[in-house]
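What follows is a single structure, written as structure tokens, with notes after it.
Coordinate-derived values only; no laboratory data. Quick caveat, the model's predicted, so the values are computed rather than measured. Ideal geometry is used to build each Cβ from the backbone, glycine not excepted, and the neighbour counts take in all protein chains shown.
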Amino acid sequence: MARSMTGFGRAEVCTAQCRAVCEVKSVNHRYFEFCARVPRGCGFLEERLKRFFQSRVSRGKIECYVSLEFFADGDLEVVLNAPLLKGYLDAGNAALQTYGVPVLKNADWLRVPDLFQVQKRALEEDAVWQSVAQAAEAAAQKFVAMRQTEGARLQADILARKAEILEHVTFIEERSPQTVAEYNEKLRARMRELLNGAAVDEQRLLTEAAIYADKIAVAEETVRLRSHLDQLEQFFLLEEAVGRKLDFLVQEINREANTVGAKAGDIAIARRVLEIKSAVEKIREQVQNIE
């Protein structure tokens, strides 16, 4: 089943430690490219997220956004600046002994600048990752599901184009022998006109017709076209990413169509070749979106 390279997924998970939100989206890209935006101090999440999504997606430009809201009781802590306190106490005792200035009362210490500092606790990386991984897994499921839905639509469109091309190939296969017969008849009429009633050299006619038939023969090209189109459909049965294979195969289909067009000595066939090339170009556009 084909998967598109365009997708979006978002999930939110609450654990005992925090509330984690993961949002992921992707657009077309030739290779796998990953970019993560995580909260300050959580840079360790970037590489883990990259490995996480790389195991689920093979192509596309992936952008992942993570936000974390830590619960207050586990997020902040009040830290005493012990060296500063000791300095104040030493200075206060010295002032008391020397000048009789009383030491600060207990309540007064709370107003001393920088004596107490409120700061975030050091994050436990594994615990944070467990919360983020749960959100990432839920977001990835929605993300992949959307890529599969879009891929199914692309696949249906490509197979419809394939059926259209096959109709044109069938016409070319049926029309090609007729062009040889028509050429033979025109050549015979032209020779009669030039010979003015004299006998026509049948052997010469047969030789000329054979040369022409060999020149415009497209049987090999149409057989390869059918083979490529069959393979195109077979690729969609694979479980792996098939975008690059499809891209190469479309090039081969276009090459065979160009060869048929170069050999075509008939307007009707030439028109069908143009229709084939138009359908191939539409397939190519869709293939660029497939993982």
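Per residue of the stretch 20-29, what does 6.51 cos²θ - 1.76 cosθ + 1.60 with θ = phi - 60° give for ³J(HN,Hα)? Whole Hz please, x for Gly and Pro, Karplus curve as stated.
With coefficients 6.51, -1.76 and 1.60, one gets 10, 10, 10, 10, 9, 9, 8, 10, 5, 7 Hz.
Which of Leu225, Leu238 comes first, and how do the rest follow, when ranked by fewest Cβ neighbours within 10 Å? List each step's numbers first, then the result.
Numbers: Leu225 25, Leu238 11.
With the sparsest Cβ surroundings first, the list reads Leu238, Leu225.
May I ask you to order 45-52, 59-66 by the average number of other C-beta atoms within 10 Å around their residues, highest value first? Mind dumping the intermediate values first?
Details: 45-52: 17.6, 59-66: 20.8.
Going from most to least packed, we get 59-66, 45-52.
Step through the table entries Lys61/Lys282; Lys142/Lys162; Lys25/Lys277; Lys61/Lys245, compare each Cα-Cα distance with 25 Å, and write down the pairs that go over it.
Values: Lys61/Lys282 23 Å; Lys142/Lys162 30 Å; Lys25/Lys277 33 Å; Lys61/Lys245 19 Å.
Among Lys61/Lys282; Lys142/Lys162; Lys25/Lys277; Lys61/Lys245, the Cα-Cα distance tops 25 Å for Lys142/Lys162; Lys25/Lys277.
Between Lys50 and Glu173, how many nm apart are label points set 7 Å from Cα along the C-beta direction?
5.1
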